[in-house]
1. Any chance segment 58-76 includes a residue that's modelled with pLDDT of 75 or more and assigned to a helix (DSSP H, G or I)?
2. Evaluate segment 234-241: report whether one residue or more is touching a residue at least 12 places away in the same chain (Cβ under 8 Å), assigned to a helix (DSSP H, G or I), in contact with a strand residue (DSSP E or B) (Cβ under 7 Å, 6 or more places away or on another chain) and surrounded by fewer than 16 Cβ atoms within 10 Å (Cβ to Cβ).
3. Check residue 302 against each of (1) assigned to a strand (DSSP E or B); (2) touching a residue at least 60 places away in the same chain (Cβ under 8 Å) and name the one condition it does not meet.
4. Can you say whether residue 176 is surrounded by 16 or more Cβ atoms within 10 Å (Cβ to Cβ) and modelled with pLDDT of 80 or more, as far as the supplied structure shows?
5. Considering 94, 9, which residue is modelled with pLDDT of 70 or more and either touching a helix residue (DSSP H, G or I) at 6+ places or on another chain (Cβ under 7 Å) or assigned to a loop (DSSP other than H, G, I, E, B) (or both)?
């Protein structure tokens, strides 16, 4: 009968909490902290009521064995089980409540323009979760064994030092995460390149930073390695530099080479994404083994990769059309091989050397 009362109380409490959550959700569209608080409270409170309710309901039954020698042992074990269940329920609620606070802090961080908040808030939430798990575990073990854990930990001495030395990499990675937060070489969402990895930062944790590469893979890099490596923050570049070479055939007259330079300069003059302080540069700058080289430098603002690619495509197509209209030919890698007899003359045409042209495209 008493167990039925406990079950009824537990169901009633959960129903009241669910009704309160629904009412608050309808009023605040789920954005307030109160529904989240009630959600965090409901399941741990249900566990708490069940554990101590069952203990309370079984107490009259246990009292009938009061004269038995096993009564003290059973009563003590039942009380200890109830205490362990209550401790677990309490720390479960605190753990879930930290999630509520974490969500509210994330909303606050998103409303600010301070990039450090976006990384600091999740890290603080993780620190508190680990702290709750450790303290909850210690208290549970203490209730289970009856041993005072505090003095035991304090007496570890050399063993504690050994554990610290064994975990020096973890400590170094944790300090690395703090260095990232203070130095701010990047923020969550920015595109970075480190070693052979390039992608967008998804999370900064205790041990590692997670990067989503351009191929879709999730890469975890230890924080100690990040702070001790050369890191390129692609997301903070003010522009994208475009450098390309236009190769013309060696048979192109000087006048047409000059015309090709003028055409390229006309196409790039006041181009899309140009700033006055970064004008494009076009020069005839080299005699290659198989071509005459025109070097082009241009700077595109802002540093939007896909808009930049669209602009490069339009520019390249316009250069091709203009060169075709002017009869300016692009070169491709070729070799000209001269063959001579031992006396230095072509056997079939003594008056001129034999010439064979071999061509290949890249």
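The values are calculated or read from the model by the stated rules, or taken from the named source; none is laboratory data. The shown structure was predicted, so the numbers you read here are calculated from the model rather than taken from an experiment. Every residue, glycine among them, receives a Cβ derived from its backbone with ideal geometry; neighbour counts consider all protein chains shown.
1. no
2. Within segment 234-241, one or more residues are touching a residue at least 12 places away in the same chain (Cβ under 8 Å), assigned to a helix (DSSP H, G or I), in contact with a strand residue (DSSP E or B) (Cβ under 7 Å, 6 or more places away or on another chain) and surrounded by fewer than 16 Cβ atoms within 10 Å (Cβ to Cβ).
3. Residue 302 satisfies all of (1) assigned to a strand (DSSP E or B); (2) touching a residue at least 60 places away in the same chain (Cβ under 8 Å) except (1).
4. Numbers: surrounded by 16 or more Cβ atoms within 10 Å (Cβ to Cβ): yes; modelled with pLDDT of 80 or more: yes.
It is true that residue 176 is surrounded by 16 or more Cβ atoms within 10 Å (Cβ to Cβ) and modelled with pLDDT of 80 or more.
5. 94
Per-residue answers, yes or no, for (1) in contact with a helix residue (DSSP H, G or I) (Cβ under 7 Å, 6 or more places away or on another chain); (2) part of a strand (DSSP E or B); (3) at pLDDT 95 or above; (4) surrounded by 12 or more Cβ atoms within 10 Å (Cβ to Cβ):
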{"position": "245", "(1), (2), (3), (4)": "no, yes, yes, yes"}
{"position": "250", "(1), (2), (3), (4)": "no, no, no, yes"}
{"position": "274", "(1), (2), (3), (4)": "no, no, no, yes"}
{"position": "308", "(1), (2), (3), (4)": "no, no, yes, yes"}
